[in-house]
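First the structure, in the form of structure tokens, and then the observations on it.
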Amino acid sequence: MTYEVDSTAVAASTPEKKQPWKELGLKKDEYERIVEILGRRPTSAELAMYSVMWSEHCSYKSSKIYLRQFGEKVTDEMKKHLMVGMGENAGVVDIGEGWAVTFKVESHNHPSYIEPFQGAATGVGGIVRDILTMGARPIAVMDQLRFGAVEHPDTARVVHGVVNGIGFYGNCLGLPNIGGETVFDKVYQGNPLVNALSVGAMKHADIKLAKASNPGDLVILFGARTGADGIGGVSVLASETFDADGPSRRPAVQVGDPFAEKVLIECCLELYAADVVAGIQDLGGAGLSCATSELASNGNAGMRVQLKDVLLRDESLTPEEILMSESQERMMAIVPPKKLKAFMAIVDKWEVETSVLGEVIDEPRLYIMWGEDEIVNVPPRTVAHDGPVYERPVKYPKWIDELNANGVIAAGLRRAEVASDLAAELVQVISSPNQASKSWITDQYDHYVGGNTALAMPDDSGMVRVSETSGLGVALATDANGRYGQLDPYAGAQLALAEAYRNVAASGAAPLAVTNCLNFGSPENPEVMWQFKQATAGLADGCLALGIPVTGGNVSFYNQTGDVAIHPTPVVGVLGVIDDVARRVPSGWQDEGNNIYLLGVTRDELDGSVWSEVIHDHLGGKPPVVDLAEEKKLADLLHGATLQGLLASAHDLSEGGLAQTMVESCLRFNVGARIWLGELQERDNLDTTAALFSESTARVLVSVGREDDVKFVGLCEARGVSVLRIGVTDGRGDDALLQVKDLADFSLQDLREPWAATIPDLFG
Amino acid sequence: MKIGVVTFPGTLDDRDAARAARLAGAEVVSLWHADTNLHKVDAVVLPGGFSYGDYLRCGAIAAQAPVMESIIKAANGGLPVLGICNGFQVLVESHLLPGGLIRNEHQNFICRDQKLRVENVDTAWTNEFELGQEITIPLKNGEGGYIATQETLKQLEGDGLIAFRYLELNPNGSMNDIAGLRNARGNVVGLMPHPEHAVEPGFGPDTATAMRSGVDGLKFFTSVMKALVNA
């Protein structure tokens, strides 16, 4: 088997050669632009590199024009805590005391459908390396999952694979899994969503950037060897040059080794501490193509690299495949020559394989050699940053008018009137797959490792301590509601933001910054593009209204089963800071005899609700009204009350409404309650169905010790937040009751059993 | 008193074990897997994790590490050694404790607050407990099912070498509900659950009185401090 090198010299002398640009996903004008940039046809290696770096996944070519507003719709006040903004591997925010945190959420949707276990595992691995690349020690992970319908025969395959994959990788890394979401809906049947979030912490001085700016510095690849993982589409290049019986097909999904990543994390942190790296970049999507071009482009410099020095798992790989390989657990460091010895001592200690590939050069040009042959000679900026930008056609979807007109009232959905029917609906709602306990999943993840976990699932947010001396910590919550996104993508994005923001505030932290993972259908469908346009505008406007900046994120397009797009699912993550995690507020009632207050106003808002889905299998109407000024007021109140230690518990109201929140508040610590809805129904003019199941926003259910009652109510009144006492905690243990006046007395045991059994019965 | 905490590549809970030892008043010394030097420590903790990726068999490669050569020798000479989770697997693979640990009966990794009964208090790591005391500490493992031959089990039961037993729920199918063992001399103790995750209020398991307030694990470390002072 021989490999014929398509060098730049060969390319210059054979301009007529037909190239498989179309098979690599490039458009004709994109290919022509490459020829124009280079002044000749690209070599096959260059073609591979441009094709993958100009792909939707790497270049954000369809989303870029909309993502800009996250950087534009900001005030100076919002930027105050922002140390590194969008565009780097992950954003960095100042949390005080000289500490900074970096966090980001990313999708691994498509691989997770093909091979759920490895797809999900490498999703965790990839996001953790992004955090590590910023100079931080990763301190926690979370995951946001969407699966198909529970009754579909393929769903269990995906659920088991994804959950095992996340556990396998995350548990072996020693990172606590502190929360996430799991939602089942048939729209995700052929396209599950697997989003993974990681957060890391570092001192301000330790922030690292992905750039190569000093000529003479060495370019070093270290970590796992390069193999044929994730090469996928690039195999069309190989099949051209290999014999017919050669290894023409390459796997599309990467395979992860969490042990290698754990060693890499500790090794990198030691390298940072020894101050021997000038720049660092992880290898993820687009592998070496991405790392070399981005490092050089970010540093306004160039690079000369010898590809034959890459350590390989498989000696038969062609240079194009080496450039594209997405083998996991690899990093690229830029190291000053005088620090090479110290660098090598550390990688040797951790037994991490390392190879010096080349050096940084003064000229803004990326040269890649294959032995004696030059196979890449490009301006790195044209590969990494100056890819195509599209303003895709946008079309208002007419069907949405019909959908919006078909609300729960228009559709005539029946509301139960008899107490026993309402009580049965309550149990049906809380034990439905999306509302039931997810502990079958979360119990498979280590949430203790590190010894800094202050809150984890099922509380409203995950919280980890950053400083062991002061107790300074961060809280994180993520949310998204695809049903609301389908009804109104602008409002849907804001509802996700508002819920995550509220969850962080409910746990006692002050919201500080936002990340997102925007999961949508095909950008080539103008109606999907309209949804995307609306959602990004909603999110940017929402962040501006709440005064918290977007620090980074990820876009995932082409999420569809056949031609049918998923519901727009913009996952929004909010990070908050708390000066001492000892002040954190749990989501459940802890003590008997505390007063229970509902904060905020309830409207008859059941369109798109869990009630409409579970009881009536209905989706239509308009999502709940978003009132971000009210959300802000509520968050400020919760923060103030936390600082004064007034809250025994706080739990936000969202999917499933008050019914869901009061049941979860009981079950968290097995403390019962007596609740009366009469005053609420009278004040807000509600029937019992709306009082129980409405999903109006800006509401939180809190419990307050009697000694703090006057102070707390005074605080609410002073800040103009509606407050209404609707009950009192009472009784402890499984025999305790949730007594809802004029409705039913539920024993906690009778609530816990169906709530806890649903998921294990389906998947256990 | 100096407590050594071993780090193998793939060890995860070394920083937690070090924190626990410090909270008990010890000076902590990090021990590196490739180094045979124990730096004159008075006791050793083998923490949890996935040493060497747990390839081959959990703890099997770690048992062959240079540092283990020194630890096995010292343990046979009476040095207190505590193996937690992967550390317990290493102790078993090193033949400092008998039996083996296999995949959980239900096949899944499990993380939960686990109730245990203290079955033996005559060891360097359990002397601060009361016999029969019920404690709750986190458990998190994928391969925690304890197995042994009937003959070994009989000997463990007969000689009082079972240090901890699972209560209420046997989380991994362990024979005789065995959660942890001691050696005959009482200086070596190994268990699957994690005492180092229940040492600091606010970060341990929930208790009846408050969220995450469980600190039952701290007594493992105060026990060894007491044993060392009295030695």
Given the structure, is residue B:174 small (Gly, Ala, Ser), under 26 Å from residue A:452 (Cα atoms), more than 14 Å from chain A (Cβ to nearest Cβ) and in contact (Cβ under 8 Å) with a residue 24 or more places away in the chain? no
Select the helices (runs of 4 or more DSSP H) contained entirely in region A:10-70, then report the ones holding at least 2 residues which are over 34 Å from the mean Cα position of the chain (by Cα). A:28-38
Determine which member of the set A:462, A:471 is closer than 23 Å to residue A:95 by Cβ and surrounded by 22 or more Cβ atoms within 10 Å (Cβ to Cβ). A:462
Reported set for region A:388-401 where residues are part of a loop (DSSP other than H, G, I, E, B) and either farther than 25 Å from residue A:534 by Cβ or free of Cβ contacts under 8 Å to residues at least 24 places away in the same chain (or both) is A:398
Exception for residue B:93 within (1) in contact (Cβ under 8 Å) with a residue 40 or more places away in the chain; (2) surrounded by 18 or more Cβ atoms within 10 Å (Cβ to Cβ); (3) away from chain A (no Cβ under 14 Å) falls at (1)
Looking for whichever is within 11 Å of chain A (Cβ to nearest Cβ) and either without any contact (Cβ under 8 Å) to a residue 60 or more places away in the chain or closer than 30 Å to residue B:230 by Cα (or both) here; the options are B:78, B:48. Which one fits? B:48
Taking region B:184-202 on its own, how many of its residues are within 12 Å of another protein chain (Cβ to nearest Cβ), surrounded by fewer than 24 Cβ atoms within 10 Å (Cβ to Cβ) and either in contact (Cβ under 8 Å) with a residue 40 or more places away in the chain or not in a loop (DSSP other than H, G, I, E, B) (or both)? 1
Read through the list (1) out of contact with any Asp or Glu (no Cβ under 9 Å at 6 or more places or on another chain); (2) farther than 18 Å from residue A:53 by Cα; (3) surrounded by 19 or more Cβ atoms within 10 Å (Cβ to Cβ), then give the number of the only condition that residue A:347 fails. (1)
So, in region B:208-226, of the ones that are in contact (Cβ under 8 Å) with a residue 60 or more places away in the chain and in contact with a Ser or Thr (Cβ under 8 Å, 6 or more places away or on another chain), which residue ends up farthest from the other protein chains (Cβ to nearest Cβ)? B:223
I'd like to know if region A:445-458 contains one or more residues that are in contact with a strand residue (DSSP E or B) (Cβ under 8 Å, 6 or more places away or on another chain), within 16 Å of residue A:588 (Cβ to Cβ), in a loop (DSSP other than H, G, I, E, B) and within 12 Å of another protein chain (Cβ to nearest Cβ). yes
Search region B:203-231 for residues being of a type in the set (Gly, Ala, Ser) and farther than 15 Å from residue A:452 by Cα, and hand back the single one that is surrounded by the most Cβ atoms within 10 Å (Cβ to Cβ). B:217
Yes/no for residue B:180 being over 30 Å from residue A:586 (Cα atoms) and either in contact with a His (Cβ under 8 Å, 6 or more places away or on another chain) or in a strand (DSSP E or B) (or both): yes
Mind listing whichever residues of region B:1-50 are basic (Lys, Arg) and under 16 Å from residue B:68 (Cα atoms)? B:40
Can you name every residue in region B:154-183 that is of a type in the set (A, V, I, L, M) and surrounded by fewer than 19 Cβ atoms within 10 Å (Cβ to Cβ)? B:167, B:169, B:175
Restricting attention to region A:125-176, which residues are β-branched (Val, Ile, Thr), part of a helix (DSSP H, G or I), buried (at least 24 other Cβ atoms within 10 Å of the Cβ) and within 14 Å of chain B (Cβ to nearest Cβ)? A:128, A:162, A:163, A:166
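Residues checked against (1) aliphatic (A, V, I, L, M); (2) in contact with a helix residue (DSSP H, G or I) (Cβ under 7 Å, 6 or more places away or on another chain):
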{"residue": "A:575", "(1), (2)": "yes, no"}
{"residue": "A:579", "(1), (2)": "no, no"}
{"residue": "A:593", "(1), (2)": "no, yes"}
{"residue": "A:598", "(1), (2)": "yes, yes"}
{"residue": "A:604", "(1), (2)": "no, yes"}
{"residue": "A:617", "(1), (2)": "no, no"}
{"residue": "A:628", "(1), (2)": "yes, yes"}
{"residue": "A:632", "(1), (2)": "no, yes"}
{"residue": "A:640", "(1), (2)": "no, yes"}
Is there a residue being over 20 Å from residue B:23 (Cβ atoms) and out of contact with any Leu (no Cβ under 7 Å at 6 or more places or on another chain) anywhere in region B:210-228? no
Taking region A:459-470 and keeping residues facing chain B (nearest Cβ under 10 Å) and part of a loop (DSSP other than H, G, I, E, B) leaves A:459, A:468
Which numbered condition in (1) within 10 Å of another protein chain (Cβ to nearest Cβ); (2) under 29 Å from residue B:73 (Cα atoms) is the only one that residue B:205 fails? (2)
List every residue pair whose Cβ atoms lie under 6 Å apart, where the two residues are 6 or more positions apart in sequence or sit on different chains, the first residue falls within region A:723-741 and is farther than 11 Å from residue A:662 by Cβ, and the second residue, located anywhere, is of a type in the set (Ser, Thr, Tyr). A:723/A:597; A:725/A:597; A:737/A:747
Just for strands (runs of 3 or more DSSP E) wholly inside region A:341-383: which have at least 1 residues that are of a type in the set (Gly, Ala, Ser) and modelled with pLDDT of 95 or more? A:354-361
Within the group B:87, B:83, B:132, which residue is under 30 Å from residue B:231 (Cα atoms), assigned to a loop (DSSP other than H, G, I, E, B) and either at pLDDT 95 or above or within 13 Å of chain A (Cβ to nearest Cβ) (or both)? B:132
Matching entry among A:52, A:105 (being in contact with a Cys (Cβ under 8 Å, 6 or more places away or on another chain), modelled with pLDDT of 95 or more and closer than 20 Å to residue A:556 by Cβ): A:105
Every residue in region A:351-365 that is crowded, with 17+ Cβ neighbours inside 10 Å and either within 14 Å of another protein chain (Cβ to nearest Cβ) or of a type in the set (Val, Ile, Thr) (or both), please. A:352, A:354, A:356, A:360, A:361
So which residues in region B:25-47 are touching a Gly at 6+ places or on another chain (Cβ under 6 Å) and closer than 19 Å to residue B:190 by Cα? B:31, B:41, B:44, B:46, B:47
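Condition check ((1) loosely packed, with under 13 Cβ neighbours inside 10 Å; (2) in contact (Cβ under 8 Å) with a residue 12 or more places away in the chain; (3) in contact with a Phe, Trp or Tyr (Cβ under 7 Å, 6 or more places away or on another chain)) across all residues:
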site	(1), (2), (3)
A:381	no, yes, no
A:384	no, yes, no
A:403	no, yes, no
A:406	no, yes, no
A:414	yes, yes, no
A:418	yes, no, no
A:426	no, yes, no
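The values are calculated or read from the model by the stated rules, or taken from the named source; none is laboratory data. Just so you know, these numbers come straight off a predicted model, no measurement behind them. Cβ coordinates were reconstructed from backbone atoms using ideal geometry, including for glycine residues, and neighbour counts include every protein chain displayed.
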